[in-house]
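Worksheet: the structure to be examined is printed underneath.
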Amino acid sequence: MVRSARVAVIGAGVAGLNAARELHREGHTVVVFEKRHDLGGTWLYDSRVESDPLSLDPARAVVETSLYHSLRTNLPRQIMGFLDYPFTKRRHGDQRTFPGHEEVLRFLNEFADEFRLREFIRFCTEVVRVERGEGRKRNEEWVVESRTRGSGGWSESESEWGVMVREVYDAVVVCNGHFSEPQLADVPGIEKWCGYQIHSHNYRVPEPFTGQVLVIIGLGPSAFDISKEVATVAKEVHIAARAPNITVGKWGHHENIWLHKMLYKYHFPFIELDGIVTIDDNRVGPLYKHVFPPCLAPSLSFIGMPKQDTPFLTTQLQSKWLANVLSGKVFLPTEEDMMSDKKITIIIWRKLDCQSDSPITFPPMRCMEYKNWLLAQVGMPPLKEWRGKMFRECLKFAMTKLDGYRDQWDDDYWDTIIASQEGNLLVNGQEVGVAEDVS
């Protein structure tokens, strides 16, 4: 028997939009809570920065996005779309294979409009508390407390918030992302530094660093982009990284600025779980297949937890699996079996190799295995090989050709690869046929 659930989705970014669509497709009643005035999550640019440049002050007004003004995608658009809604190039849009963040937000808005997802979203509504129901319904119902702010502007003033609302849902899906709570790099002795420090979460444009001497910690694509951009106005820019081919010059007696790389914490302050699910800086668990806490499944789920992945497609497939589980079309193992599964998820940042501090959830090959596992759960065929190959090559290319790797990407080569495997997807970011049916 197919079941219909009343589901609360927290967040209207990529994960939340996917969850809303797939849940609605399966006949569930969906309410999406979004704290900000519009959809997009981390892709919704905000020129403001936090009052605390390191984002350590718990009383600070939190800015929910880490986008800097010039940011471009780290992945090619061919693997940033959804199976049935590819991220194609549009007339009068950003034609680059690695487009700017504005183009990604446009894509997400068109996706939401195409599937009428705004109808499910309560904008300017913050989830304050989520807790299990009482009595016999304790593992079957969730109480969600929320408050709504006027849409006329941004404010953290309590007077701007409406009354608290308590509602009961059959299930809660957490989709609030992991790019709003910065984590500082572990640099021995930096606590003795009396100069200025800033986390890249609070970087937007280079002008505030004019004439300064900066030390940038880390060497991912974004850190490299920021270093190049800041170098156009700064007196000096130094990169501190563990990579063996990076030379860090003397810093002398300058008024240096330390810019911390993009490390972030998982942060769900609204959930009351009594220690059943552990949530700390770098891990969420236990989670069965990166989604379900075994003892609370399927009424509580987390979408979009893996890092260093192709998040658009992963969240789509996770959401499709979740929606089918809630409707009773797909069954989960017993709690004991989920707990004992050797692939039980505890999201951990671990080193890619002995000389790298890159965060990773699972190796690139496992990313494809995981997506194909999700597809199998809902009776769909595995992905074509070009997707995994493109992802792996992009990671490798980004690390070996940091300077301008996006504009050195060989579109013609990948057009040939994609066309040889399926003629109905994307060639140079253009839709050339009917996309895959995932209904």
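Sorting the segments 373-382, 388-397 by their mean number of nearby beta carbons within 10 angstrom, highest to lowest, gives 388-397, 373-382. Taking every protein chain into account, the 1.4 Å probe leaves LYS235 with about 130 Å² of accessible area, to the nearest ten.
What ranking, highest mean first, results for peptides 160-166, 9-15 when packing means the other Cβ atoms within 10 Å averaged over each residue?
Values: 160-166: 12.1, 9-15: 28.7.
The most tightly packed comes first, giving 9-15, 160-166.
Please go through the residue pairs LYS35/LYS289; LYS371/LYS396; LYS192/LYS289; LYS289/LYS389; LYS228/LYS389 and name each one whose alpha carbons sit more than 32 Å apart in this structure.
Pairs exceeding the cut-off: LYS192/LYS289.
Once backbone amide H atoms are built at 1.01 Å from N, VAL215 has HIS238, ILE257, TRP258, LEU259 as its partners under 5 Å, excluding neighbours fewer than 5 places away on the same chain. Please sort by residue number the trypsin sites (Lys or Arg not before Pro) in region 66-142 whose DSSP state is loop and whose Cβ has at most 12 other Cβ atoms within 10 Å. Counting only loop positions with at most 12 other Cβ atoms within 10 Å, the trypsin sites (Lys or Arg not before Pro) in region 66-142 are ARG91, ARG116, ARG138. Is the shape of region 33-123 rounded, prolate or oblate, going by the alpha carbon gyration tensor and its root eigenvalues a ≥ b ≥ c, with a/c under 1.5 for rounded and a/b larger than b/c for prolate? Oblate, since a/c reaches 1.5 and b/c is not below a/b.
Measuring between their Cα centroids, region 88-109 and region 4-49 lie 20 Å from each other.
What the Cα atoms of region 286-337 give is an Rg and a Dmax of 11.0, 31 Å. With each label modelled as a point 7 angstrom along the Cα→C-beta vector, the GLU191-ASP113 pair spans 5.2 nm.
The values are calculated or read from the model by the stated rules, or taken from the named source; none is laboratory data. Source: prediction; values computed, not measured. So basically every Cβ, Gly included, is an ideal-geometry build from the backbone, and we count neighbours across all protein chains shown. Protein only, heavy atoms only, side chains kept; ligands, DNA and RNA dropped before computing areas. Shrake-Rupley method; radii C 1.70, N 1.55, O 1.52, S 1.80 Å.
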